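Q: Handing you this structure, nothing more for now.
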Amino acid sequence: MKRRKFIQNTSISSLGIMAGAASLSCKDGEKENQSVTEVTPTWPLVVATWNVKESTQAAWEVLNKGGAALDAIEQGCRVEEANADGQSVGIGGLPDRDGNVTLDACIMNKEGNYGAVVYLQNIKHPISVARKVMEETPHVILAGKGAEQFAISQGFIPEDLLTEKSKKAWEAWTKTSEYKPIINIENHDTIGMLAIDQNGDLAGGCTTSGLAYKMAGRVGDSPIIGSGLFVDNEIGAATATGLGEEVLKTVGSFLIVELMRQGMTPQQACEEAIGRIVQKNENFEDFQVGYIAVNKKGETGAYSIHDGFVVTTYVNDNNESFKPDYFNKST
Ligand code: SD4
């Protein structure tokens with residue numbers, strides 16, 4: 001039954017028909033649900049999860065000057081990491097259940113190199129530390145205290161990342177201490193970002209404070225290669241947002257790139273990856289996962305389980321956020 005429903009939904013959205021989308025309201029300049037594959041393929045371009053126009057703007061400025069996709073990714077992600085109002089990335093991120101802000105991030109370049117930090121504390125720009133891991137160490141992932149010490153050795157300044165706003169939210173949460181991922185939590189800005197530069201080369205990055213009030217030590221999909229992010233300069237790239245446990249179990253971003261290698265468009269590949277999650281979970285109504293993807297031609301795709309996912313693209317001098325198509329049309 002679920003499989004059948006998934007196939008129906010897939011074929012509808014692959015044709016670019018936006019069933020049921022017209023009545024949905026959008027905020028802050030977001031467009032109604034639309035198929036991303038309708039955008040004429042071109043590059044340079046940057047595509048990111050959620051409504052993060054300032055981040056895509058920063059990335060675009062690098063690309064527009066002829067800069068490398070990798071630099072664009074780092075600069076774009078840093079914008080949201082530094083935004084103290086955003087509560088799911090960098091400074092101001094919501095803490096774990098013990099009140100500690102712990103950050104995950106990773107970055108991949110056109111050579112297929114990868115660097116990541118997991119469970120990093122007190123450093124505002126995990127994406128830049130991840131890049132340093134990739135470029136300055138013989139390793140690909142540094143965790144916790146070691147990652148923090150490495151960051152400090154590279155000149156990063158430690159600071160308290162728990163803002164008053166996030167501290168108050170955490171204190172309110174401790175009254176019930178009920179752990180429940182919230183679909184499309186407000187002000188989402190966990191960033192997965194993919195870019196193609198003027199040379200046609202790809203890079204990607206992903207940065208987050210992870211799920212609010214997670215268990216101490218929990219690591220999500222965002223810093224894990226193949227799950228939160230995967231880039232193959234021959235084929236394309238993909239990145240994820242939402243409930244990391246489900247993305248990890250299906251190795252979603254790698255799956256999408258491999259499906260594109262086999263001939264799927266980015267849109268079809270994102271839909272198939274969401275389908276794998278939905279098929280395995282009776283309770284898919286309780287959580288959100290969203291993917292974005294781009295192929296070597298500059299075609300993009302995006303799909304999520306539920307309505308409410310937002311994608312930002314900057315291409316052809318046009319920076320816009322919109323709601324992509326989604327699986328669960330039953331509500
Ligand atoms: C995680 N995938 O840690 C991240 C959270 C996220 O939008 O993307 N939220 O599971």
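Q: What spacing in nm lies between the two simple spin-label points modelled at residue 169 and residue 82, each 7 Å away from Cα in the Cβ direction?
A: In this crude label model, residue 169 to residue 82 measures out at 2.1 nm.
Q: So how much slack lies between residue 143 and residue 177, counting 0.36 nm per residue of separation and subtracting their Cα-Cα distance, in nm?
A: The span from residue 143 to residue 177 would gain 9.6 nm if fully extended.
Q: Order 278-288, 63-73 from most to least packed using the mean count of other Cβ atoms within 10 Å.
A: Ranking the peptides 278-288, 63-73 by packing returns 63-73, 278-288.
Q: Can I ask one more? What percent does the relative contact order of region 42-322 come to when contacts are Cα pairs within less than 8 Å and at least six residues apart?
A: Values: 771 pairs, mean separation 67.8, N = 281.
Worked out over region 42-322, it gives 24 percent.
Q: Right, another one. Taking K and R as +1 and D and E as -1, what net charge do the other residues with C-beta under 15 Å from the C-beta of residue 99 add up to?
A: Working: positive: 97, 165, 167, 168, 175, 214, 218; negative: 96, 98, 160, 164, 171.
Within the 15 Å Cβ shell, the charges total +2.
Q: At most 14 other Cβ atoms within 10 Å and a DSSP loop assignment: could you name the GluC sites (Glu not before Pro) in region 66-120 that fit? Please report the intermediate quantities before stating the final value.
A: Details: sites: 74, 80, 81, 111; in loops: 111.
Here the GluC sites (Glu not before Pro) that fit, given the DSSP loop and packing criteria, are 111.
Q: If you don't mind, another one. Determine the sum of side-chain charges near residue 65: Lys and Arg each +1, Asp and Glu each -1, restricted to other residues whose C-beta is under 12 angstrom from that of residue 65. Working shown, then result.
A: Numbers: positive: none; negative: 61, 71, 197.
Here the charged neighbours net out to -3.
Q: Where a ≥ b ≥ c are the square roots of the eigenvalues of the C-alpha gyration tensor, would you call region 70-149 rounded, which needs a/c under 1.5, or, failing that, prolate if a/b is larger than b/c, or oblate?
A: On the way: a/c = 2.62, a/b = 1.37, b/c = 1.91.
Oblate, because a/c is 1.5 or more while a/b does not exceed b/c.
Q: Please list the three semi-axes, largest first and in whole Å, of the ellipsoid equivalent to region 42-322, using sqrt of 5 times the eigenvalues of its alpha carbon gyration tensor.
A: Numbers: eigenvalues 139, 98, 56 Å².
Value: 26, 22, 17 Å, ordered largest first.
Q: Order of 128-139, 220-231 by packing, highest average Cβ count within 10 Å first? Provide the component values of the computation, followed by the final result.
A: On the way: 128-139: 19.2, 220-231: 27.6.
Highest to lowest by the protection proxy: 220-231, 128-139.
Q: Shifting gears a bit: Quick one: net charge around residue 132, please, counting Lys, Arg +1 and Asp, Glu -1 for every other residue with C-beta under 15 Å from its C-beta.
A: On the way: positive: 78, 124, 131; negative: 71, 74, 81, 135, 136, 148.
Charge balance near residue 132 sits at -3.
Q: Next question, about the same structure. How many angstrom lie between the Cα centre of region 70-95 and the Cα centre of region 280-296?
A: Answer, in whole Å: 22.
Q: May I pose another question? Ordered by packing density, taken as the mean number of other Cβ atoms within 10 Å over each peptide's residues, highest first, how do 250-257, 91-98 rank?
A: Numbers: 250-257: 24.4, 91-98: 21.6.
Per-residue mean Cβ counts within 10 Å order the peptides as 250-257, 91-98.
Q: Would you please classify the overall shape of region 190-263 from the alpha carbon gyration tensor, given that a ≥ b ≥ c denote the square roots of the eigenvalues, rounded means a/c under 1.5, and beyond that prolate means a/b larger than b/c while oblate covers the rest?
A: Values: a/c = 3.37, a/b = 1.74, b/c = 1.94.
Oblate shape, in that a/c is at least 1.5 and b/c is the bigger or equal ratio.
Every read-out reported here was derived from the displayed coordinates using simple, explicitly stated rules and does not represent laboratory data. All values reported here derive from a predicted model rather than from experimental measurement. Because the Cβ atoms are built from the backbone with ideal geometry, glycine has one as well, and the counts that use them run over all protein chains shown.
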